[in-house]
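Below you'll find the structure, written out as structure tokens, and then a few comments.
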Amino acid sequence: MDADKLTIALGGLELALYTTDIAGILEPRRIPRLPYGSGLATGVIGMRGAPIVVIDLRRAFNLPPLGRDLAAYRRVVVVKTRGQQIGLDIGTAGLGFIWAEEALNGNTAEDKSAFTSSILEMNGRRVRVIDCAALFDETARILSTELTSDQ
């Protein structure tokens with residue numbers, strides 16, 4: 001799919017989201033922790049009156065956690081998938097864009113890694129496109145497992 005993408009420079013990886021999937025980018029003062037905050041889901045925030053489950057994108061891609069001093073500042077990219085919204089905690093990661101016209105000069109290959117759908121290679125860059133639906137499914141699975149195992 002050739003469309004504009006938001007890029008996220010995260011711990012040596014360059015990740016991307018389709019801009020059409022983005023509902024907003026927030027800078028919450030704090031992210032209240034979920035009572036069963038294991039796995040990818042780490043907290044919950046509000047956006048326009050709706051609760052948004054937040055997942056740790058570093059954890060999703062097996063990257064080391066942020067240091068304590070950097071963990072105080074974070075950005076959350078809220079994405080929508082299948083009528084649901086989920087927040088991606090990107091911490092202090094740098095953001096950029098790949099315009100659809102730029103992507104036409106690159107090569108796209110399917111990637112069935114855990115949370116990516118494709119890889120775009122262009123101008124010496126290797127950009128993994130995040131599969132938001134896969135992240136949402138895994139988060140829902142973990143949360144439902146934790147809730148049912150507690151009863």
Elements of type strands (runs of 3 or more DSSP E) in the stretch 13-58, at least 3 residues being in contact with a Pro (Cβ under 8 Å, 6 or more places away or on another chain) and either closer than 19 Å to residue 84 by Cα or of a type in the set (Gly, Ala, Ser) (or both): 41-47
Hits in the stretch 93-107 (condition: in a helix (DSSP H, G or I) and farther than 15 Å from residue 15 by Cα): 100, 101, 102
Checking residue 100 against (1) in contact with an Asp or Glu (Cβ under 8 Å, 6 or more places away or on another chain); (2) of a type in the set (Gly, Ala, Ser); (3) surrounded by 16 or more Cβ atoms within 10 Å (Cβ to Cβ); (4) at pLDDT 90 or above, the condition it does not meet: (3)
Number of positions in the stretch 73-92 that are in a loop (DSSP other than H, G, I, E, B), touching a Lys or Arg at 6+ places or on another chain (Cβ under 8 Å) and touching a residue at least 40 places away in the same chain (Cβ under 8 Å): 0
Among residues of the stretch 92-151, those that are more than 15 Å from residue 7 (Cα to Cα), among the polar types (S, T, N, Q) and out of contact with any Ser or Thr (no Cβ under 7 Å at 6 or more places or on another chain), counted: 9
Single unsatisfied condition, residue 69 versus (1) under 30 Å from residue 102 (Cβ atoms); (2) modelled with pLDDT under 90: (1)
Qualifying residues in the stretch 35-64 (those that are farther than 14 Å from residue 90 by Cβ and touching a residue at least 60 places away in the same chain (Cβ under 8 Å)) - the one surrounded by the fewest Cβ atoms within 10 Å (Cβ to Cβ): 38
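The values are calculated or read from the model by the stated rules, or taken from the named source; none is laboratory data. Quick caveat, the model's predicted, so the values are computed rather than measured. Cβ atoms come from the backbone with ideal geometry, glycine included; neighbour counts cover every protein chain shown.
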